[in-house]
Amino acid sequence: MAPALIVARRELAGYFATPVAYVFIVIFLVLAGALTFTLGNFFGRGQADLQPFFAFVPWLFLFLVPALTMRLWAEERRLGTIELLLTLPLPQWQAVLGKFLAAWVFCGIALLLTFPLVVTVNLLGQPDNGVILSGYLGCLLVAGAYLAVGAAVSAMTKNQVIAFVLAVALCFVFGTAGSPVVTEFLSTRLPILADIARGISVAERFGGFTRGLVAARDLVFFASFIGFFLFLNAVVLDHRKAD
Amino acid sequence: MSALIEIERLTRRFGGFTAVDDVSFTVNRGEVLGFLGPNGAGKSTTMRMLAGFMPPSSGTARICGADILEQPVAAKRHLGFLPEGAPTYPEMTVTGFLEFAGRIRGFKGGELDDRVAHAMLLTQLEGVRLQPIETLSKGFKRRVGLAQALLHDPPVLVLDEPTDGLDPNQKHEVRELIRRMAPEKAIVISTHILEEVGAVCTRAIIIARGRVVVDAPPAVLEEEGSSLDDVFRRLTLGTEAHAGETA
């Protein structure tokens with residue numbers, strides 16, 4: 001087994017050995033369900049799809065994912081185990097990748113547990129399950145993008161509160177960069193920046209997935225986005241691990 | 001015998017403060033090096049650099065010929081390292097933790113089980129094998145860290161205060177263990193318990209203000225003064241007093 005997978009397995013077991021996992025999953029499911037049925041008007045819309053759910057998931061991840069990543073490296077520092085982990089014979093990027101994978105799989109588990117929603121729409125009507133599937137894929141990719149940002153931020157600071165706030169702020173920037181409010185403001189003043197804002201927007205890419213469009217360029221976007229922040233994580237870790 | 005640990009002009013600065021200043025030494029197979037010094041002298045920093053955790057500001061080190069900067073993974077494969085304070089993952093069981101370290105080191109299946117069982121035997125951990133580490137006493141936690149360092153039977157052992165927090169019987173056991181392993185390995189232990197140096201070390205290095213001030217067998221040190229304590233105090237306080245005058 002690759003060292004990254006061994007690290008991921010240990011991390012994932014660690015989530016479930018503490019209340020972190022259960023609190024995260026319960027809060028995620030309660031909020032996702034409540035928002036979908038109340039604000040999302042799930043029944044009143046009269047349509048057999050999961051659009052209200054997909055509209056809220058990125059906003060939930062905006063706060064819950066940084067809560068997950070803030071302790072990623074800070075906790076290792078606090079316990080001193082970072083010294084143990086990084087003196088085991090594994091390349092440093094494998095440790096970075098392993099931690100990321102564990103958190104990503106964990107978000108995947110949380111998403112999987114929203115399956116009653118899928119069952120419900122299938123009982124009530126004939127939804128396009130392809131669109132639902134691509135929507136879930138989009139959610140997973142958004143989670144991955146936010147996780148990569150949060151993990152990199154967590155490597156920068158020992159302080160978990162700072163890691164959380166910075167990660168939320170950064171994820172918010174990437175989440176909303178493509179929204180009309182931002183791009184219209186920019187296009188009247190600095191048109192070049194408007195294009196860039198649309199280009200780096202996670203939400204913009206996610207929109208395609210919720211409509212059932214799985215485009216290669218969106219997949220490439222998420223892959224390079226995640227790759228870039230994991231690389232940043234490894235670089236920061238290399239410089240700051242002993243501080 | 002060839003040197004298993006070669007430290008070459010290792011230096012580490014933190015801002016304007018030089019924690020480790022141009023330290024060079026080698027350790028051969030069969031040697032147990034006691035690394036002594038007052039708190040803050042640079043013992044842990046030197047060990048962290050040797051273990052590949054903290055990059056040196058200048059200089060380098062080799063473990064079994066593998067450069068810690070150019071071939072970090074190869075160097076770490078030959079090394080068993082007990083970090084300061086023996087950190088472990090508190091929520092894991094003793095067995096789970098040792099299996100994790102063993103898997104990273106490439107053991108699997110029956111061999112992994114054998115390695116873990118052997119390491120637990122050496123450090124007398126069998127009684128607590130399925131307990132979460134956070135429920136263990138300080139002495140047990142230290143031994144879990146030690147078991148992790150011994151798991152792969154490495155030719156080089158670097159142990160940062162291996163007997164800290166152990167009761168006298170456990171200290172005795174750990175010293176016996178180190179003595180038994182000594183002939184085939186190069187071992188570096190840091191300590192500020194001076195009796196330990198006389199008990200297990202074949203050689204002592206005293207470090208003060210980041211510099212090596214003495215490198216001699218403990219017997220020679222004891223001849224110089226009335227006791228190791230006196231020698232230690234004279235050498236380490238001497239440098240500090242001297243540095244204080246020039247400052």
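The values are calculated or read from the model by the stated rules, or taken from the named source; none is laboratory data. Everything quoted here is computed from the prediction, not taken from an experiment. Glycine gets a Cβ as well: all are built from the backbone with ideal geometry, and neighbour counts include every protein chain shown.
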Next item on the list: Go through (1) β-branched (V, I, T); (2) more than 14 Å from chain A (Cβ to nearest Cβ); (3) in contact with a Ser or Thr (Cβ under 9 Å, 6 or more places away or on another chain) and name the single condition B:T88 misses.
Entry: (2)
Check: Being outside the structural domain of B:D114 (by TED's automatic domain parsing) and of a type in the set (S, T, Y), is that true of even one residue in region B:134-144?
Finding: no
Checklist line | Residue check for A:L112: more than 30 Å from B:A86 (Cα to Cα), of a type outside the set (K, R), surrounded by fewer than 17 Cβ atoms within 10 Å (Cβ to Cβ) and under 16 Å from the mean Cα position of the chain (by Cα) | finding: yes
Margin query: Please go through (1) more than 12 Å from every other protein chain (Cβ to nearest Cβ); (2) of a type in the set (A, V, I, L, M); (3) not in a loop (DSSP other than H, G, I, E, B) for B:V158 and return the number of the only condition it doesn't satisfy.
Written below: (1)
Notebook entry, point to check: Can you list the helices (runs of 4 or more DSSP H) found entirely within region A:1-108 that contain at least 2 residues being more than 14 Å from every other protein chain (Cβ to nearest Cβ) and touching a helix residue (DSSP H, G or I) at 6+ places or on another chain (Cβ under 9 Å)?
Noted result: A:19-37, A:51-69
Next item on the list: From B:E99, B:E84, B:E173, grab the single residue that is farther than 22 Å from B:R29 by Cβ and assigned by TED's automatic domain parsing to the domain that holds B:I7.
Entry: B:E173
Note to self: Can you report the number of residues in region B:161-203 which are under 13 Å from the mean Cα position of the chain (by Cα), at pLDDT 90 or above and assigned to a strand (DSSP E or B)?
What the structure shows: 5
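Conditions tested, residue by residue: (1) of a type in the set (A, V, I, L, M, F, W, C); (2) modelled with pLDDT of 90 or more.
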| residue | (1), (2) |
| --- | --- |
| A:Q92 | no, yes |
| A:V96 | yes, yes |
| A:K99 | no, yes |
| A:K158 | no, no |
| A:T188 | no, no |
Check: Counting residues that are within 21 Å of A:L232 (Cα to Cα), which helices (runs of 4 or more DSSP H) fully inside region A:115-219 reach at least 1?
Finding: A:129-156, A:160-176, A:191-200, A:202-210
